[in-house]
There are 2 protein chains.
Amino acid sequence: MTTEHEQHPADPDRATAQHPADPDRATAQHSSGFSRRGLLGAGLAAAGAGVGAAVGIAGAAAATGVNPLAAATNGDESLDLSQQHPFYATAAGQPQGGIRTVPQRHCVFMTFDLSTSVATDLQVLLARWSAAIAQLQAGKTVGSVEPAHGNGVGADTGEALDLGPASLTVTVGLGPGVFDERFGLADKRPAHLAAIPTLPSDNLDEQLTGGDLSLQACADDPQVAYHAVRDLARMARGTATVRWTVLGFGRASAGPSQSTPRNLMGFKDGTRNVTTDDEFDRFVWVDQPGDGAAWMRGGTYQVVRKIRMNLETWDADVVSDQQRVFGRTKIDGAPLSGGSEHTTPDFHAAHGDGTTKIDARSHIALAAHEANGGVKILRRGYNYTDGLNQYGQLDAGLLFAAYMNDPEHFERLQRKLGASDRLNEYVSHIGSAVFAVPPAPRKGSYIAEQLFR
Amino acid sequence: MTTEHEQHPADPDRATAQHPADPDRATAQHSSGFSRRGLLGAGLAAAGAGVGAAVGIAGAAAATGVNPLAAATNGDESLDLSQQHPFYATAAGQPQGGIRTVPQRHCVFMTFDLSTSVATDLQVLLARWSAAIAQLQAGKTVGSVEPAHGNGVGADTGEALDLGPASLTVTVGLGPGVFDERFGLADKRPAHLAAIPTLPSDNLDEQLTGGDLSLQACADDPQVAYHAVRDLARMARGTATVRWTVLGFGRASAGPSQSTPRNLMGFKDGTRNVTTDDEFDRFVWVDQPGDGAAWMRGGTYQVVRKIRMNLETWDADVVSDQQRVFGRTKIDGAPLSGGSEHTTPDFHAAHGDGTTKIDARSHIALAAHEANGGVKILRRGYNYTDGLNQYGQLDAGLLFAAYMNDPEHFERLQRKLGASDRLNEYVSHIGSAVFAVPPAPRKGSYIAEQLFR
Ligand code: HEM
Ligand code: HEM
């Protein structure tokens, strides 16, 4: 097994290739910078810090139950593009990045169809991707940009040279197709991996649905995320073809040290989310992967939906109705039962006339764990825009991405939301896919290696 | 004339609306922060600093002829989203923002067709836009997000609450249609404003071409830029309809304090650009606006092209050929005649066999002022991506935006490039438009007010 990088052992990495005498650059890759996020997240960002330690720190912050930077606005946050997340696990069963990672500012999501039916082709692709992602997350290229005297095609397309790691994480997922008749891997299928059935209100476009593989590249610089997906897609040529892609901007879920961002409907999104170690263990990480699927222990499932918003209709709605739709106030994001953003909603609180303060068909009343047998999912979405639709109106929405230890939890919620949610008048689910996300590999290994044993 | 904001005199501005007791937030709007860019650009960013002073400082930095932060990578640069650019001019003839402004990280460009034929409708729109842009550039909303008790439609859609000014600039342009028979403004037409004729290699899509008005919103946060254009488009309803829009990411031209960014072909873009006061006076700002067009003195012309890149073909080309196409090296951006990035290209330097080191049909040999009667244009482009094309390949390219005191200068260059540029094999011009960009208004006035006198 070779990687692009190993094929070019003499390649300078991005840092030395660019500014051999620039000390700033070298240290930038290994310092956590001066930003507020840098200081608070130092343990998370320090180069080489184990994933385990990182999880511990994030967990500690989350375990307080409150958002430590709730008073800080997103606007205050300064960006440190030298921050990096380690790719390799330091112990078995640690998760890939991009799941519990504090949401970065940008995300490119792409799915692929396998065009091979040979398991070793998939295996080689996963191995090459793993080595390349490790390079990319360290702020390096996937190989030579300018081969000696330019004689040869560049292994790396070069547009992220000079940009730093920018907190990049690339998360790899395996779709249900990996376990069909083609590859002889059917008996290794994770217990809960199956195509999502058609759900109420679904309006799916076949061309935005499904996929055998997924890449979710998130970074604080959009060009870093785009470059990662572009160069990984190049490596897939001959083995897999691109199926669909969405470019996300402006995260729509907050991490533990962030104030809650807003979706394009203007509401805070991510207020009640999975945050504590205990919640991650109960709702996100796979503990019982099923017979033959031990390779998935410590992994998770990824459900992605491309959800279009009818912004023109939404913008013409009175704000009191918008608030009724979500069950929260627009500026503060407080539940309509009272209090402030992080007050627990009281779904029983009623007005004098007996109607509940939080409408029974509001988004939060239907989606809350209190109404769904205690089930929670980790939401980690991004806003997207596709320019204009055929009516000359803004074509935009939410790249909904969620992680959970059983996709049935998503189905349960969406079956209900699709049937009754007041929000349905303003949104349309046009894309959908589900993937098994294996844990991170240890150094010397690659994503899902155990699957092929 | 009222504005959305004036219609809601009791609206809290964004800062107080959100965190009435948060001192960080208040100062954030008025400090230049701790970032390196903040320190170097303090004069530029300080709230309330006149445009004149800003130009002076930018000019001073630029006048040294070298990039003061050439050693710093884009990756080092940390972002300060509290920086703001003043909208109003402090003296007549000062330019709008977004032209000489150090390029922000994101840009949303939109054009409009006027659906009215009444000049005062246009006048009112420009006045409302001006007042709203002043609010937006100060990090405020364009009006109430949550009207009293939610009874009413929000004047502002709310998704940029909490995000800060993020160095937003919104640049307004007037297309040739403003001076046609409809509005009785024909005798005020700026001397050089006319639709761009079809040029060699043009492959224009009617739906991405032309427009009576343009908005270029650039900011260091994409949601701030998107929100600005969205809410300004809302205000235009009944007066103008959206024609086309492009979401740019990853600037493709550098400002004086920035290292040169890269376009999606992986090459540094913006190395030789208009930078000094003298160059701006000679090539960008309009000094002789023509009979009846005194309102344009101190303004400029904006030429925008949506240029698609055939990235798959490009990525398969050997790097030595890519370098021949541009006439520069890929990693360093040095001219092929030798030296480093900022060495002046020697278009006569030849190999032993008599062929020039910089190919005569290379992009820079054809576009350089040395080959075009000394003419220069200010390039201020952004990368864009539209997802996948019908072949499942990356659909991406360059949102080329240039400023000059005569659009004939662009035509001259593009006539030549379109006919002979080696780059033509890899790009396709699919959108095009030209606009007159009036100077910034003084407080109490609005963009192009003089046009209506
Ligand atoms: C465009 C589509 C959607 C929008 C704009 C949206 C927006 C929101 C907003 C504003 C909130 C309240 C703040 C918060 O706690 O995060 C919320 C909560 C929530 N949403 Fe969504 N959402 C969308 C789709 C979905 C989907 C498809 C699901 C799952 C099937 C979902 C599951 C949830 C859950 C579980 C909560 C937390 C409810 C609670 O515990 O109070 N959302 N969403
Ligand atoms: C996708 C299309 C284009 C790409 C990828 C591109 C890229 C580049 C690159 C890499 C350079 C060299 C670095 C620099 O000095 O900035 C350059 C220079 C330049 N380009 Fe372009 N460009 C494109 C289109 C255009 C167009 C349409 C024009 C004008 C009609 C133009 C005018 C120039 C000029 C004037 C220079 C500076 C030449 C010199 O003085 O050396 N470019 N461009």
Put a label point 7 Å from Cα along the Cβ direction on A:V153, then list its distances to the equivalent points in the other copies in nm, shortest first.
5.2
Shielding by partners - mean other protein chain Cβ count within 10 Å, residues of B:377-384
1
Ignore the peptide's own chain and count Cβ atoms of other chains within 10 Å of each Cβ in B:307-319; give me the average, rounded.
3
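In what order, largest first, do B:W285, A:W295 sit by accessible area if the probe radius is 1.4 Å? List each step's numbers first, then the result.
Values: B:W285 35, A:W295 10 Å².
Sorted descending by solvent-accessible area, the residues read B:W285, A:W295.
When N counts the residues of the range B:385-453, how does its alpha-carbon radius of gyration compare numerically with 2.2 N^0.38 Å, as a ratio? Let's see the in-between values first.
Values: Rg = 18.0 Å, N = 69, 2.2 N^0.38 = 11.0 Å.
Rounded to two decimals, the normalised Rg is 1.64.
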With a 1.4 Å probe, what is the total accessible area buried between chains A and B, in Å² rounded to the nearest 100?
6100 Å²
For the range A:353-370, 3J(HN,Hα) per residue [Karplus equation, 6.51 cos²θ - 1.76 cosθ + 1.60, θ = phi - 60°, Hz, x = Gly/Pro]:
7, x, 6, 6, 5, 9, 3, 5, 9, 6, 4, 6, 4, 7, 8, 4, 4, 4
Inter-copy separations for A:R412, label at 7 Å along Cα-Cβ, nm, ascending
7.1
Rough spin-label spacing in nm, given labels placed 7 Å along Cα→Cβ, for A:D281 and B:D332:
5.6 nm
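Could you order peptides A:385-391, A:332-338 by the average number of other Cβ atoms within 10 Å of their residues, highest first? Provide the component values of the computation, followed by the final result.
Values: A:385-391: 14.6, A:332-338: 19.1.
Listed from highest to lowest mean packing, they are A:332-338, A:385-391.
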Of A:S115, A:S214, which has the most accessible area with a 1.4 Å probe, and how do the rest follow in descending order?
A:S115, A:S214
Once the dipole of the range A:370-453 is set up from charges on Cβ (+1 Lys and Arg, -1 Asp and Glu), the residue from the list A:Y382, A:A440, A:A401 lying farthest towards its positive end is A:A440
What a careful reader reports for the chain B Cβ nearest the rotation axis onto chain A, distance rounded to whole angstrom, is B:L79, 2
Need one value: the accessible area of A:T120 in square angstrom, 1.4 angstrom probe, rounded to the nearest 10.
80 Å²
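Hey, if we sort B:D359, A:D278 by accessible area with the 1.4 Å probe, largest down, what's the order? Write down the numbers at each step before the final one.
Numbers: B:D359 30, A:D278 90 Å².
Putting B:D359, A:D278 in descending order of accessible area: A:D278, B:D359.
Mean separation of Cα pairs under 8 Å and 6+ residues apart, divided by the residue count of the range A:269-393: what relative contact order is that in percent? Mind showing how you got there, number by number?
Details: 116 pairs, mean separation 28.8, N = 125.
Result for the range A:269-393 is 23 percent.
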Please work out how much accessible surface A:I430 shows to a 1.4 Å probe, ignoring ligands, DNA and RNA, in Å² rounded to 10.
10 Å²
Among the listed pairs B:K188/B:K376; A:K306/A:K357; B:K140/B:K188; A:K330/B:K140; A:K443/B:K330; B:K140/B:K443, give every one whose C-alpha distance is greater than 22 Å.
B:K188/B:K376; A:K306/A:K357; B:K140/B:K188; A:K443/B:K330
Of the heavy-atom accessible surface of the range B:349-443 (probe 1.4 angstrom), what whole percent is carbon and sulfur?
48 percent
Let me know the shape class of the range B:277-364, please: from the alpha-carbon gyration tensor, a ≥ b ≥ c as square roots of the eigenvalues, rounded when a/c is under 1.5, otherwise prolate if a/b is greater than b/c, or oblate.
prolate
Probe 1.4 Å, heavy atoms of protein chains only: per residue, the accessible area of the range A:325-417 in Å² is 39 Å²
Threshold 20 Å², the range A:136-152 residues less accessible with all protein chains present than alone (1.4 Å probe)
A:V145, A:E146, A:G150, A:G152
When ligands, DNA and RNA are left out and all protein chains stay put, how many square angstrom of accessible area per residue does the range A:111-270 have with a 1.4 Å probe?
26 Å²
What does the charge count near B:R243 come to, summing +1 for each Lys or Arg and -1 for each Asp or Glu among other residues with Cβ under 13 Å from its Cβ?
-3
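Could you tell me the calculated FRET efficiency between B:A191 and A:D202, based on Cβ-Cβ distance and R0 = 56 angstrom, to the nearest 0.05? Before the final figure, lay out the partial values.
On the way: r = 57 Å, r/R0 = 1.01.
FRET efficiency, B:A191 to A:D202: 0.50.
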Run the quick spin-label model on B:T120 and A:S115: label points 7 Å from Cα toward the beta carbon, then report their separation in nm to one decimal.
6.3 nm
Modelled label-to-label distance, A:V318 and A:E411, 7 Å Cα→beta-carbon offset: nm?
4.1 nm
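Excluding A:G397 itself, what net charge comes from residues whose Cβ is under 11 Å from its Cβ, given Lys and Arg +1 and Asp and Glu -1?
Working: positive: A:R305, A:K306, A:R308; negative: A:D386, A:D395.
Computed value for this residue: +1.
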The range A:188-338, accessible surface, carbon-and-sulfur percent (1.4 angstrom probe)
46 percent
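Is the range A:339-453 rounded, prolate or oblate when judged by the Cα gyration tensor, a ≥ b ≥ c being the square roots of its eigenvalues, rounded requiring a/c under 1.5 and prolate requiring a/b larger than b/c? It would help to have the intermediate numbers written out before the result.
Details: a/c = 2.58, a/b = 1.46, b/c = 1.77.
Note, shape of the range A:339-453 comes out oblate.
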With the label set 7 Å along Cα→Cβ, B:A350 is separated from its counterparts in the other copies, in nm and shortest first, by 9.5
Just read off the accessible area of B:R328 with the full protein assembly in place, 1.4 Å probe, to the nearest 10 Å².
20 Å²
Mean other chain Cβ within 10 Å across A:161-169 is 4
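The values are calculated or read from the model by the stated rules, or taken from the named source; none is laboratory data. Owing to the predicted nature of the structure, the values given are computational and were not obtained by experimental measurement. Counting neighbours? That spans all protein chains shown, and the Cβs are built from the backbone with ideal geometry, glycine included. Remember, those area values only see protein heavy atoms, side chains included, never the ligands or the DNA or RNA. Shrake-Rupley method; radii C 1.70, N 1.55, O 1.52, S 1.80 Å.
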